[in-house]
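Okay, so here's the structure we're looking at.
FYI, it's all coordinate maths here, none of it is from the lab. Fair warning: this is a prediction, and the values are worked out from it, not measured in the lab. Here Cβ is always computed from backbone atoms with ideal geometry, including for glycine, and neighbour counts include all displayed protein chains.
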There are 2 protein chains.
Amino acid sequence: MEFKEFDGFKYIDGGVCAAKGFKANGLNCGYNPDKEKNDLCLVASDVMCNAAGVYTQNKVKGAPVIVTKNNLAQTGGKAKAIIANSKNANTCNVDGMEKALRMCELAASKLDIKPCEVIVASTGVIGQPIPIEPVETHIDELYEGLSYTGNAKAANAIMTTDTSPKEVAVEFELDGKICHLGGMGKGSGMIHPNMATTLNFITTDAAISSEMLQKALTENVKITYNCLSIDGDQSTNDTLTVMANGLCGNVEITEEDENYKKISKALYIVMMNITKMLAGDGEGATKLLECTVSKAKDVDSAIVVAKSVICSPLFKCAMFGEDANWGRILCAVGNANAELDIDKVDVDIASKVGAFAVCKNGSGVDFSEDFAKTVLGEKEIHINISLNSGDAQAQAWGCDLTYDYVKINGDYRS
Amino acid sequence: MEFKEFDGFKYIDGGVCAAKGFKANGLNCGYNPDKEKNDLCLVASDVMCNAAGVYTQNKVKGAPVIVTKNNLAQTGGKAKAIIANSKNANTCNVDGMEKALRMCELAASKLDIKPCEVIVASTGVIGQPIPIEPVETHIDELYEGLSYTGNAKAANAIMTTDTSPKEVAVEFELDGKICHLGGMGKGSGMIHPNMATTLNFITTDAAISSEMLQKALTENVKITYNCLSIDGDQSTNDTLTVMANGLCGNVEITEEDENYKKISKALYIVMMNITKMLAGDGEGATKLLECTVSKAKDVDSAIVVAKSVICSPLFKCAMFGEDANWGRILCAVGNANAELDIDKVDVDIASKVGAFAVCKNGSGVDFSEDFAKTVLGEKEIHINISLNSGDAQAQAWGCDLTYDYVKINGDYRS
């Protein structure tokens, strides 16, 4: 995937350790029978952070989600560490809360902080009691291995069926100081975010109040993670947190000024790119699909239409088959709960080798099937829809629906 | 699939010709390159019928949907014939209305009725202009072959990726007269009804006013077709009509009396069974899934929860894999837009060989994985969910998500 350039922002390495003062580590504690794969990670800031989070809207919430929300409420938006595991979601278990709290205690005791200053998250199978011993026996090793370059080990530890880790970070200036903002995320099924998605952790060395951080996070979630769908199933464990430790030395951002806009943009860049990575690495996916809806009445309409297209299983299958069956795009546009005039809708399909129009004013137009095959043969496909009824625009991201999605999910528990 | 028995109703053969005075025929006119398969059908009543219909809520509507709605409005709910084709949906084409009207004219001219007395429907690929010549050159043969036992030929003509035709009919008494009500339907992808599904045609020889027929149809659609989902994609061409010709000799039903309840029940039985047939024959399906939600606060809550489960692709994949991954059922329950207390939810999984509990009060309970495999090895799987917060109940139907769904839809147009 190529990263789009933005003025004033430079992509850098380092993920969750790109910002000053953040250490990380990851290891295999035994949840994952494949010893080559990490399943437990710890991220810690040298100093206390202002923190913000968004969580699943599913009525079934993993115990770690409840604990993390409670912790941030109790501290008034302060946190110093994250502990997270994969392979078991610790959800729908009678002793779930107890186990999630214990994970916080274990991390806190090593870091000499309060348990409520720890963000805890779990991902994996729902409804299987999580054994806590693996964390207890590995917490020393996990803590001792913390390092300012441990981001990749941590990013590996939160992967489930992801085929690759997802890390993005940017560098930018605030008050003449060099700031950094970076994060890691995991996919790759049960992805249909509603206020947050899966596990995503972002860190920054900028100084910003918890309130402003929450505001920037909520605004950007709407146009990034919430515009992603892999399969329409919203997870019970969705958690996205941002921690800001202020070590870059800018004056703390406490209102919607130019600096707020800059850090909000940095958040957008990191979150949008992780969103695209999540889409491209959806379970079984062979293609990243990006739907851009323009000339909409308002942003909400544009989002609803773009998501309807990205969510259509028939469209997703057609993309897997590299078949320009655009009628399914129109069908999905028509199913969207948005005000629009179907007789004004234009649709183009594009990839890096070129673009072709398939629909003008709601009716089909001739195109070369050969050229269509060439365009659809690429890994990243863009569906550009113009509603011709306003000035607003939004994007949504997804992936194709493939044999492998069915295979992966036909027997996920074993 | 076994038909459930209902007191006072007897299952009979005959489908759309089960009711007195209805003739049908179907043939291959050339839309389907496989000459063994029919693609055009005609159904005609000996006398004028009261008629009712429900249609897709997609903003993109097939031209035949618009024409049929206009026709029934123009005649005040009267119709005498149906003409329908498969392989081409006649949707998103600049000349769609012209072609749909021409189909009505061709049928009407042979039957010596007005074009507006004809119900027209098309199903198949969206966005490809439909050639009208095949209908023009075959209308004589289609008309001449009309017969009181032609129902199977007609049921075959509306099939797309269906693997079998779908016909159900029942016999019951009204005013001491033997009445009949039967119908045919087609699936099997782009199925996520909202007020109607795909193409379904029902006929009866009972006498009932158009208003009461519309009322009974609308009531029953809510708890049958609208509780079906194959893939979450609502078709542009959904059309369901009922025609009542009164030939059985009962006194015309004009109010909500006992006879209304009886014919409404007959409609329910036929529609519910066709719904189950559609679910079991969903694209690529190997299993019929029936989700029953009981002890809900109200019927709407029960429907929303049952549909959320039936629509979850992860749950559908697990059923394909015969994997009792019940956490996905809880996840889908939690995602439903309904008022419920997740800590009260019980879930059982059953098939004809037995049942086992997977969740009690929102948490997992132990079960034998071996027995679970045996239960899930069957073709018809029942998910029984008790919300323990009221007295209402509803059902929804769907199917598993399989490799073949992806295969069929990866290259549907060719």
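Can you list the GluC sites (Glu not before Pro) in the range A:19-123 that are in a DSSP coil and have 11 or fewer other beta carbons within 10 angstrom?
Details: sites: A:Glu36, A:Glu98, A:Glu105, A:Glu117; in loops: A:Glu36.
Counting only loop positions with at most 11 other Cβ atoms within 10 Å, the GluC sites (Glu not before Pro) in the range A:19-123 are A:Glu36.
For A:Tyr225, B:Tyr55, B:Tyr148, what ranking results if the residue with the fewest other Cβ atoms within 10 Å of its Cβ goes first?
The most exposed by this proxy come first: B:Tyr148, B:Tyr55, A:Tyr225.
Can you list, shortest first in nanometers, how far A:Glu105 lies from the same residue in the other copies, with each label 7 Å from Cα toward Cβ?
Nearest first, the other copies' label points are 8.3 nm away.
Please report, to one decimal in angstroms, the Kirkwood hydrodynamic radius of the range A:179-337 built from all distinct Cα-Cα pairs.
16.7
Restricting to the range A:10-280, compute how many DSSP beta bridges are antiparallel as a %, nearest 5.
Just about 75 percent of them are antiparallel.
Could you give P(r) for the range A:224-268, binned at 10 Å from zero, as whole percent values over all Cα-Cα pairs?
18, 41, 23, 17, 1
Quick one: check the C-alpha center-to-center distance for the range A:244-282 versus the range B:368-414, whole angstrom.
Taking the Cα centre of the range B:368-414 as reference, the centre of the range A:244-282 is 42 Å away.
List the distances, in nm to one decimal, from the label point of B:Val47 to the label points of the same position in every other copy, shortest first, placing each label point 7 Å from Cα along the Cα-to-Cβ direction.
Values, ascending and in nm: 9.1.
Straight-line reach from B:Lys215: which aspartates and glutamates fall under 12 Å, measuring Cα to Cα and dropping same-chain residues less than 8 apart?
B:Glu255, B:Glu256
Tell me, what ³J(HN,Hα) does each residue in the range A:373-382 have, in order and in whole Hz, if you take phi through Karplus 6.51 cos²θ - 1.76 cosθ + 1.60 with θ = phi - 60° and put x for Gly and Pro?
4, 5, 4, 6, x, 6, 7, 10, 10, 10
Return the sequence-ordered ³J(HN,Hα) values of the range B:155-164 in whole Hz as given by the Karplus equation 6.51 cos²θ - 1.76 cosθ + 1.60 applied to θ = phi - 60°, using x for Gly and Pro.
4, 5, 6, 9, 5, 10, 8, 4, 9, 8
Assign unit charges at the C-beta atoms only (+1 for Lys and Arg, -1 for Asp and Glu), then state the dipole size of chain A relative to its Cα centre in Debye, rounded to the nearest 20. Before the final figure, lay out each step's value.
Numbers: 39 positive and 55 negative charges, 113 e Å.
Value, rounded to 20: 540 debye.
Once you treat every alpha carbon in the range B:92-234 as an equal point and sum by Debye, what is log10 I(q)/I(0) at q = 0.11, 0.21 Å⁻¹?
-0.52, -1.58
Please state the charge dipole magnitude for the protein assembly as shown, taken about the Cα centre, from unit charges on C-beta atoms (+1 on K and R, -1 on D and E), reported in debye and rounded to the nearest 20.
Dipole magnitude for the protein assembly as shown comes out near 220 debye.
Given a cut-off of 19 Å, what percent of all Cα-Cα pairs of the range B:292-414 lie beyond it?
46
Which loop-located GluC sites (Glu not before Pro) does the range A:250-356 contain, where loop means any DSSP state but H, G, I, E or B and the Cβ has at most 10 other Cβ atoms within 10 Å?
Sparse-neighbourhood loop GluC sites (Glu not before Pro): A:Glu255.
With n ≥ 4 as the cut-off for DSSP H runs, can you work out [θ] at 222 nm for the protein assembly as shown, using -39500 (n - 2.57) per run divided by the number of residues, rounded to the nearest 500?
-10000 deg cm²/dmol
With the contact rule set at Cα under 8 Å and sequence spacing of 6 or more, what percent relative contact order holds for the range B:10-280?
Reported relative contact order: 26 percent.
Among all the aspartates and glutamates, which ones have a C-alpha under 19 Å from B:Lys10's C-alpha, if same-chain residues fewer than 8 places away are not counted?
Once the sequence-local aspartates and glutamates are set aside, what remains near B:Lys10 is B:Glu2, B:Glu167, B:Glu171, B:Glu173, B:Asp175, B:Asp205, B:Glu258.
Answer with one residue from A:Gly321, A:Thr402, A:Ser351: the one whose Cα lies farthest towards the positive end of the charge dipole of the range A:288-410, charges on Cβ with Lys, Arg +1 and Asp, Glu -1.
Comparing the listed Cα positions along the dipole, A:Thr402 ranks first.
Where the centre of each part is set by its Cα atoms, how far does the range B:140-192 sit from the range A:18-45, in angstrom?
61
If you wrap a convex hull around the C-alpha atoms of chain B and split its volume per residue, what is the figure in Å³?
For chain B, the hull spanned by Cα atoms encloses 129 Å³ per residue.
Which net charge results when you count Lys and Arg as +1 and Asp and Glu as -1 among the other residues whose beta-carbon is under 14 Å from that of A:Thr241?
Cβ neighbours under 14 Å give a net charge of +2.
Using the Kirkwood radius over Cα pairs, work out the Stokes-Einstein diffusion coefficient for the protein assembly as shown at 25 °C and 0.890 mPa s, in µm²/s as a whole number. Could the numbers behind the result be given before it?
Details: Rh = 28.1 Å.
It comes out at roughly 87 µm²/s.
Which loop GluC sites (Glu not before Pro) in the range A:144-188, with loop taken from DSSP, have no more than 11 other Cβ atoms within 10 angstrom of their Cβ?
Those that pass, being in a loop and sparsely packed, number zero.
Could you list A:His382, B:His180 so that the one with the fewest beta carbons within 10 Å of its beta carbon is first and the one with the most is last?
A:His382, B:His180
Which Cβ of chain B lies nearest the axis of the rotation superposing B onto A, and at what whole-Å distance?
Residue plus distance in Å, as requested: B:Tyr403, 2.
Rounding to the nearest 20 debye, state how big the charge dipole of the range B:288-410 is about its Cα centre with +1 on each Lys and Arg Cβ and -1 on each Asp and Glu Cβ.
Here the range B:288-410 has a charge dipole of around 220 debye.
State which entries of A:Lys307/B:Lys360; A:Lys23/A:Lys307; A:Lys37/A:Lys166; A:Lys37/A:Lys407; A:Lys222/A:Lys276 exceed 26 angstrom in Cα-Cα distance in the structure shown.
From A:Lys307/B:Lys360; A:Lys23/A:Lys307; A:Lys37/A:Lys166; A:Lys37/A:Lys407; A:Lys222/A:Lys276, over 26 Å: A:Lys307/B:Lys360; A:Lys23/A:Lys307.
Between copies, how close do the A:Thr286 label points come, placed 7 Å along Cα→Cβ, listed in nm from shortest?
For A:Thr286, the inter-copy label distances come out at 2.1 nm.
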